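Following: one structure in structure tokens, then a few remarks.
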Amino acid sequence: MIYLAHTGHLQFLGLIAGFLAWILIVATSGHNEWRLWRVADVPVITSGVAWVGIWRACFYSQVLPKPENCQMIAISDSFAPVEIPVAQVMMVLAMICGLAANIVAALAMRMVYFSVEDRRNMRLLFTLGGILYLLTSVLCLVPLVWNMNSVLNNNTIDFPPDFHLPPAPAHQQIGSAIVLERTSLFVQRRNSTLHAGVISQCRGETKLSLCSLTDEV
């Protein structure tokens, strides 16, 4: 049986990057700063800045009892614009899909480094891992673009009174959560190409590599 451990280093680096990207997805989903609102003439918000995420909206205040004040945004809240509940659903799906992609990719790499006798499913695992990475990137892309568009258009949100937030900021900008998501999206798409590319490279290749993985079983 052909020893393949020396041929899978790029895919192994991709697996590490995939786990890091998944951590970024989790961090992005829970991050408050999807939208950075600059507010004026709101005495309660003494910092003049509010952070609007997909799960909650927060601001600092020296007037209210707590310095940091956050209110949860539920998926069923009628005041939330449609891109926020959509982002809630799609980011949860992205976390699940990204975790599945990493598990599948890890199983494929386990076969490369440790399996000698049975590699019949290795090519299938690499393909499935690539597809899952691609699906994860799509699930991240939709809320990313939609929320960026809302920020650039300075869209309003009609918050309830207990949020202490105006319906429209004086100015708003893209928050750091969007930057994290863009980084994760880039890594997931690169991993999709890297893992699925194992199959396309096998066509017509004769040297010993991952493409030989089914020839010896």
Confirm whether Pro43 is touching a Phe, Trp or Tyr at 6+ places or on another chain (Cβ under 9 Å), surrounded by fewer than 13 Cβ atoms within 10 Å (Cβ to Cβ) and modelled with pLDDT under 90. no
Has region 93-106 got at least one residue that is under 15 Å from Asn32 (Cβ atoms), outside any strand (DSSP E or B) and touching a residue at least 24 places away in the same chain (Cβ under 8 Å)? no
Would you pick out the residues in region 46-63 that are in a loop (DSSP other than H, G, I, E, B) and either in contact with a helix residue (DSSP H, G or I) (Cβ under 6 Å, 6 or more places away or on another chain) or surrounded by fewer than 17 Cβ atoms within 10 Å (Cβ to Cβ) (or both)? Thr46, Ser47, Gly48, Ile54, Gln62, Val63
Subset of region 111-156 (residues that are in a loop (DSSP other than H, G, I, E, B) and either within 19 Å of Ser184 (Cα to Cα) or free of Cβ contacts under 8 Å to residues at least 60 places away in the same chain (or both)): Ser115, Asn121, Asn153, Asn154, Thr156
Being in a loop (DSSP other than H, G, I, E, B) and either of a type in the set (A, V, I, L, M, F, W, C) or over 27 Å from Ala27 (Cβ atoms) (or both) is the filter here, so list the residues in region 157-182 that pass it. Ile157, Asp158, Phe159, Pro160, Leu165, Pro166, Pro167, Ala168, Ala170
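The values are calculated or read from the model by the stated rules, or taken from the named source; none is laboratory data. Note that the structure is a prediction, hence the values are computed from the model and not measured. Cβ coordinates were reconstructed from backbone atoms using ideal geometry, including for glycine residues, and neighbour counts include every protein chain displayed.
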